[in-house]
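One structure is given below, encoded as structure tokens.
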Amino acid sequence: MWDHEIKAMASSHALIASSLFLATVVPAVLVQGFSVYGTHLLWLYSVSGTVSLVNISVFWLLGVSPPTKKHSLGYKLSRLFRSCIYFLLSCLFYHTVVVLYGAPLIESALETFSLAVLLTSLTTLRCLCVLGPNVQAWIRVFSRHGAMSVWDTSLQITVACTVVGAWVGAFPIPLDWDRPWQVWPVSCSLGSVIGFLTGLVAAPAWIHYHRKQLTYKCK
Amino acid sequence: MKRLLILSLLLWVCVVFYVGIYLFVGGFLLVRLEVNRTSTCGDVLHPGEEQGDFCHVKPRFRRAVLLIIDALKIDFARFDPTNATPRHYENKLPVLEETASSRPSHSRLYPFRADPPTTTMQRIKGFTTGSLPTFIDVGNNFASSAILEDNLIHQLGQIGKRVVFMGDDTWESLFPKKFYRSLPFPSFNVKDLHTVDDGILQHLYPTMVSDDWDVLVAHFLGVDHCGHRFGPDHPAMADKLTQMDGVIRSVIERLENDTLLVVMGDHGMTDTGDHGGESQKETDAAIFLYSPSPLFPKLPFQSEPDVVPQTDLVPTLALLLGVPIPYSSVGQVLLPLFPPHGQTEGAVGGLSQLEALWINAKQVNRFLKTYSGMAKDIPAESLSKLQDVFSRVSSDYLSTVGKGQTPSPELAASLQAYLTSVRDTCRATWARFSPLKMAAGLAILAFACLLCFILSELSCVLIRENVLRAPVVAALSVGVCVAAGQLFTQGYIEVAWCLAAAALSSELLFLWRAHRVRTSVVAGNGSKAPKRANWLTLRHLLVPPLLVSLLRCASLLSDSYVIAEGRVVTFLVFSLSLYIPIHLNWDGLLLPPSHDPLKPAGLLPSPALSPSAVRKESSTLVACLGLLVGSLYLSLSFHGCREEQGTCQPSPFLSPLSRLQDNKLKNLHYVLSLASLGLWTYLLRRWLRHYGNLNSSGGTVFTARVILPLLSVCLGLHWAVSATPEDSFRNLADLISLAQLALPRAAFCLLGLGLLLIWLDPLTVFVKTRTVAPARGSSLPPPRYRASTGISPQAELHHLIPQIYQRMRRSLEDGELSGGAELDSRPAVEAYGLGTVYSAPLLLFCGLLGIGLLLLHPEGMALSFLLLLLQTGALLHIHASSTALNSLHGAHSGGFDVPWTPVVLWSLAATQFFHATGHLPTFPSIQWNAAFVGFPGGHTGTILPASLVTLNTFASHILFAAGCPLLLFWPLVCEVRGSRGVRAVGEDGEDAVMEMRLRENPQQFSSALLQLSTRYLFILGAQVFASVCAAAILRRHLMVWKVFAPKLMFEASGFLVSCVFLLIGVTLVSRVDMAVGRWFKRLLPDESR
Ligand SMILES: [Zn+2]
Ligand SMILES: [Zn+2]
């Protein structure tokens, strides 16, 4: 049971990670003049789009998402609609937080919003996939005894890694080194992607080494 | 409560910190007094011609060209033809060696030794004044960097020489309006190798060809910037030096016979291209002298100097160009440039060697006399020795010259020796870091931080022991011993070392005693041992608040972060405050737990848990977080700008109203400021009234009711008056000027009176004795609303503390008597405002102080002060809510410990508002206007303006330090609100006890107060330690005198001020405690009669 789930998680994480690499490499081959710094926004969208798609398909195939009580089309549609709304709201939320953290308010608003989209597709989208559009459940998951399955634990780890990565990514900005990756928001998005990759690796590893201690309540 | 022990412990910790700072600063910051006298042509320096004016003697040279190549190291200038594989910086200036060897009587190349600090600005000061500039030249006008000391440029201008300058714009700020013509180019961008040089080259040759100049100064920066960017051993350096070679060649071609050329570097560079310190690589620059007419004696001169000190340039140039030597110069003329005695009559003209030396010696002696009359930092014995030498030499000289004899070579040698010893004496005093003192200061500071940490962690144990006596005794005895030893061996006492020995010994003794106390406690209660024993493990130290504090300290080690400090601190405050709800949620305390049917009922957490209370606390917390984040964001818009921040615009609120031109904007600003002032006052009064502190008739209440509003009215009027344009009300001019004087002074008086009243009578408790005995507190009909006392019904309901007295009495009388009947027969006592008896005076104190400090700021800062109040309130409420959430779930262990998170937030907020009130850690940004508030005519002394400016600069440090004990009180103040959901208020008296809990547990109160203050001191002290480390480690950094040294001074002075006001805050708390104790005593016999 344990091994099976961890294996599934590891392979799905490997899939997501490789899709991240593909999202960086493929446009570089196809699109002229593509580079992570130079055409940063393009890279951002390519990464967030790919991660979203792969995430959704992986979780749909694995069937991790919470069981729905009704199976009517209308209910599913409304869930889909709510998920979209939550996705947008989460983008706005991240945008606000980033601006409050000191990002420029008006100039480079597009860059800031793109970063918010990236963060949303790396964190909120996974919440949506695992927990469904239920904010209460999201808040509950991020507590010590809140995880109810290995997927919840992996969600905790990846989200924390991503957010901390983006936070750490802000550190080099004030330095006067004049490097291309210090331009807003390159270092933050790089930080969050690196954090996300770390989380993808760390989550199955951590669960594997702590599988004795982990006990999950039933739903 | 052990008031005296706490106060003396804190005082001792502060003193230890002070000693550490004093020692380090004494070793690092070299201080020198500026002599603001100037030499004139009339100075009688010649013995022969008493009336003569030597400016009219025909000088040796009419014109001079000074080519300053920044960071021209001597290694760059030397040429070694045997070197087959030169490095990038070697053999790139062949012109110097070629000229020197082909025309030996026309030119020379010498090493040119700079004195530390080897930074460009200090060096320019050095080779124009001839002195040894230190980091702080006292007497300098901090607001601008202009040189006020006598200097070569000034002297040249005095005599009518046209000085043309081009190059590094540092000169323009050092000599504003002193040049006949000036072409400054921006020097700030280190990465830009060419702007300055190309700018100079565009204008240099045309200027030289034209006849519109006498002295031409050109300062090239390319070599220095190339060093900073690539280091010396880089192809770019080769290009740059080759370019300079070409420049020197073309300048030499264009020289005329009456012109002297000086090519020199201001300092060298290390192998990494840095400079600032005192290693030989940094100090040894090159100097090259050339003239188309013969300059040096034909035969090799008998005493060719190996190295030319930089101070020597000034007297040499002055005498060669025929101007008086600047007053404060301590240099010595460069003898080979003057003809030996008896050869002056030739074509060369000018002074002979001996004459030059004599003029020089006389000037140096005059300066030394003036300086020793002003300052005492040159040791007296060496002064008197120098004086003796001078009087002997001068009598020799006068007798020789008077008799018309040919002077002996010994005379010149003794004059030279005198000049050299003066310079060495001055250098020993001014231009030498003292690494030993710096190290001692660092060690004392490090131990002091450790000690603060230990004191805060073990406060509850240490407060029971008498830990202070031994260290203090040790300090005194060791200090006296060291002093006696010094007196015995050296004959005089060096105070710094006595203090250092005393501080170190007392610190070490304290640490040892703390260690012993801890081990004995661990041994004493075995069960608690593991919990106490591992309090210093890594896991314990790496909690997020301390991590944030560590990040903040680390950020002081980077110049970019120091420059962006305001934003960095805001970022950290934001991060740490977001951490609070996330951490609470992680512990499952933020949301009421969902009911879990599977869980056995017995395992449910404490019975105090109620979902509605939890929800209420959480929503308070989130709302306050929103307020906090909002004020954080808004506070960013009040920042000033450093010159290093290129595109930054200073906040429009920073300029005083009187400077605003647009009338509408002015009115808008005024109304905004007034509204914030009014809100500040209203919020304070509203809080006091809410907790029933405005009912009695004591001094504090009088202050809150009368003085606080009066003070704000005064301030508002003062703003209005000072903002009126002077020409609009001509006929009221007298009245306006009177009001400008009277209003701020009245405000100062009111402030003083208010603070005094709070101190004298801090109690805000109103006792109401009732003859009708209540059976139980809650069964009473609610007391009638009385508007005159300002009690709202809600306040009556929640904040009357009827049972206090009974509880106190019961605990005092051992509670053996059966309560019921006794209680009924006695009149009950209601005490209004007893629940906030500690916090109310402190809050009022800080509020009053805030208005007083606002008086010293520009009007627009009222908005920022309001943000400060709101943010403080939000912080306190977040702290209270998280404490309540912890305790609601039974997770809190009791006691009044304030955790690290709010303390770190509190200290970061102090720095944040330092920036958000328009201050910056740089000297030009000090708001000097503060010194003239209420004193528009200026001052006579220096203490009053200095303290006004200090109060202005460290306003936020002062407010946060004085208000620090509020962190201890706030969870208690908010306690009623938290537990109301559980039990009805008044049903049980225990709910409404609030701050009386402190009174009931004096032991815990003392230890918590001590812990809170030492935690605050620890965080501030760690910051000081970090900036001290930055200054010590980065002595060589390009930015050390621009960023790190000013930051160190601001951090250290901020710490001193914070310490003082933290002590004042704690003293006020103990004063209140004393008054409360007396109040209970007075009440008790009264009632038992
Ligand atoms: Zn320089
Ligand atoms: Zn430099």
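The values are calculated or read from the model by the stated rules, or taken from the named source; none is laboratory data. Predicted model only: the values in this text are computed from it and were never measured. Note that each Cβ is placed from the backbone with ideal geometry, even for glycine, and that neighbours are counted across all protein chains shown. Note: areas computed on protein heavy atoms with side chains; ligands, DNA, RNA excluded. Shrake-Rupley method; radii C 1.70, N 1.55, O 1.52, S 1.80 Å.
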Number of the exception - A:Asn55 against (1) closer than 15 Å to A:Ser189 by Cα; (2) surrounded by 14 or more Cβ atoms within 10 Å (Cβ to Cβ): (1)
Total residues in segment B:196-221, condition free of Cβ contacts under 8 Å to residues at least 40 places away in the same chain and within 16 Å of ligand 1 (Cβ to nearest atom): 2
Filter result for B:Asp266 (modelled with pLDDT of 90 or more and in a loop (DSSP other than H, G, I, E, B)): yes
Qualifying residues in segment B:89-123 (those that are acidic (Asp, Glu) and surrounded by fewer than 22 Cβ atoms within 10 Å (Cβ to Cβ)) - the one nearest to ligand 2 (Cβ to nearest atom): B:Glu90
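Okay, residues lined up against (1) modelled with pLDDT of 50 or more; (2) out of contact with any Gly (no Cβ under 6 Å at 6 or more places or on another chain):
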{"site": "B:Ile804", "(1), (2)": "yes, yes"}
{"site": "B:Glu816", "(1), (2)": "no, yes"}
{"site": "B:Gly833", "(1), (2)": "yes, no"}
{"site": "B:Leu843", "(1), (2)": "yes, yes"}
{"site": "B:Gly860", "(1), (2)": "yes, yes"}
{"site": "B:Leu866", "(1), (2)": "yes, yes"}
{"site": "B:Ala880", "(1), (2)": "yes, yes"}
Residue in segment B:194-232 that is farthest from ligand 2 (Cβ to nearest atom), counting only those that are in contact with a Gly (Cβ under 9 Å, 6 or more places away or on another chain) and in a loop (DSSP other than H, G, I, E, B): B:Asp214
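Let's see how each residue does on (1) within 21 Å of the chain's Cα centre (by Cα); (2) more than 16 Å from ligand 2 (Cβ to nearest atom):
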| residue | (1), (2) |
| --- | --- |
| B:Leu998 | no, yes |
| B:Asn1001 | no, yes |
| B:Gln1004 | no, yes |
| B:Ser1007 | no, yes |
| B:Gln1011 | no, yes |
| B:Tyr1016 | yes, yes |
| B:Ile1019 | yes, yes |
| B:Leu1034 | yes, no |
Segment B:576-611, residues that are open to solvent by less than 70 Å² (accessible area, probe 1.4 Å), modelled with pLDDT under 90 and away from chain A (no Cβ under 13 Å): B:Ser606, B:Ala608, B:Leu609, B:Ser610, B:Pro611
Filter result (touching a His at 6+ places or on another chain (Cβ under 6 Å) and over 22 Å from A:Trp177 (Cβ atoms)) within segment B:180-210: B:Leu183
Single unsatisfied condition, B:Val1040 versus (1) aliphatic (A, V, I, L, M); (2) within 16 Å of ligand 2 (Cβ to nearest atom); (3) at pLDDT 95 or above: (3)
Some residue of segment B:693-706 being in the same structural domain as B:Leu875 (by the TED database), under 30 Å from B:Ser577 (Cα atoms) and either among the acidic types (Asp, Glu) or open to solvent by 70 Å² or more (accessible area, probe 1.4 Å) (or both): no
Those residues of segment B:238-276 which are open to solvent by 50 Å² or more (accessible area, probe 1.4 Å) and among the basic types (Lys, Arg), in sequence order: B:Arg249, B:Arg254
B:Gly566, sole failed condition from (1) more than 7 Å from chain A (Cβ to nearest Cβ); (2) modelled with pLDDT of 90 or more; (3) open to solvent by 20 Å² or more (accessible area, probe 1.4 Å): (3)
Residue list for segment B:612-630, filter: touching a Gly at 6+ places or on another chain (Cβ under 8 Å), over 21 Å from B:Val573 (Cα atoms), open to solvent by 20 Å² or more (accessible area, probe 1.4 Å) and not hydroxyl-bearing (Ser, Thr, Tyr): B:Lys616
Residue list for segment B:208-237, restricted to those being open to solvent by less than 10 Å² (accessible area, probe 1.4 Å) and either over 27 Å from B:Ile153 (Cβ atoms) or over 35 Å from the mean Cα position of the chain (by Cα) (or both): B:Met208, B:Trp213, B:Val215, B:Leu216, B:Val217, B:Ala218, B:Cys226, B:Gly231, B:Pro232, B:Met237
Matching residues, segment B:23-43, being part of a loop (DSSP other than H, G, I, E, B) and among the hydrophobic types (A, V, I, L, M, F, W, C): B:Leu29, B:Leu30, B:Val35, B:Cys41
Identity of the residue in segment B:1043-1054, among the aliphatic types (A, V, I, L, M) and open to solvent by less than 20 Å² (accessible area, probe 1.4 Å), that ends up nearest to ligand 2 (Cβ to nearest atom): B:Val1043
Total residues in segment A:120-168, condition of a type in the set (Lys, Arg) and facing chain B (nearest Cβ under 9 Å): 2
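Does B:Ala930 count as open to solvent by less than 10 Å² (accessible area, probe 1.4 Å) and either in a helix (DSSP H, G or I) or assigned by the TED database to the domain that holds B:Cys714 (or both)?
yes
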Every pair of residues 6+ apart whose Cβ atoms lie under 8 Å, when the first sits in segment A:169-195 and is more than 10 Å from chain B (Cβ to nearest Cβ) and outside any helix (DSSP H, G or I) while the second is of a type in the set (Asp, Glu) and open to solvent by 30 Å² or more (accessible area, probe 1.4 Å): A:Trp184/A:Glu111; A:Pro185/A:Glu111
Candidate set: segment B:67-110, residues that are within 16 Å of ligand 1 (Cβ to nearest atom) and assigned to a strand (DSSP E or B); chosen: the one farthest from the chain's Cα centre (by Cα): B:Leu67
Candidates B:Ser279, B:Ser293, filtered to the one that is more than 12 Å from B:Arg1036 (Cα to Cα), open to solvent by 20 Å² or more (accessible area, probe 1.4 Å) and either within 32 Å of the chain's Cα centre (by Cα) or among the hydroxyl-bearing types (Ser, Thr, Tyr) (or both): B:Ser293
Selected residue (only one of B:Leu174, B:Leu156, B:Leu132, B:Leu152 is of a type in the set (A, V, I, L, M), open to solvent by less than 30 Å² (accessible area, probe 1.4 Å) and more than 28 Å from B:Leu295 (Cβ to Cβ)): B:Leu174
Exclusive hit being without any contact (Cβ under 8 Å) to a residue 24 or more places away in the chain and open to solvent by 30 Å² or more (accessible area, probe 1.4 Å), set B:Val401, B:Val482: B:Val482
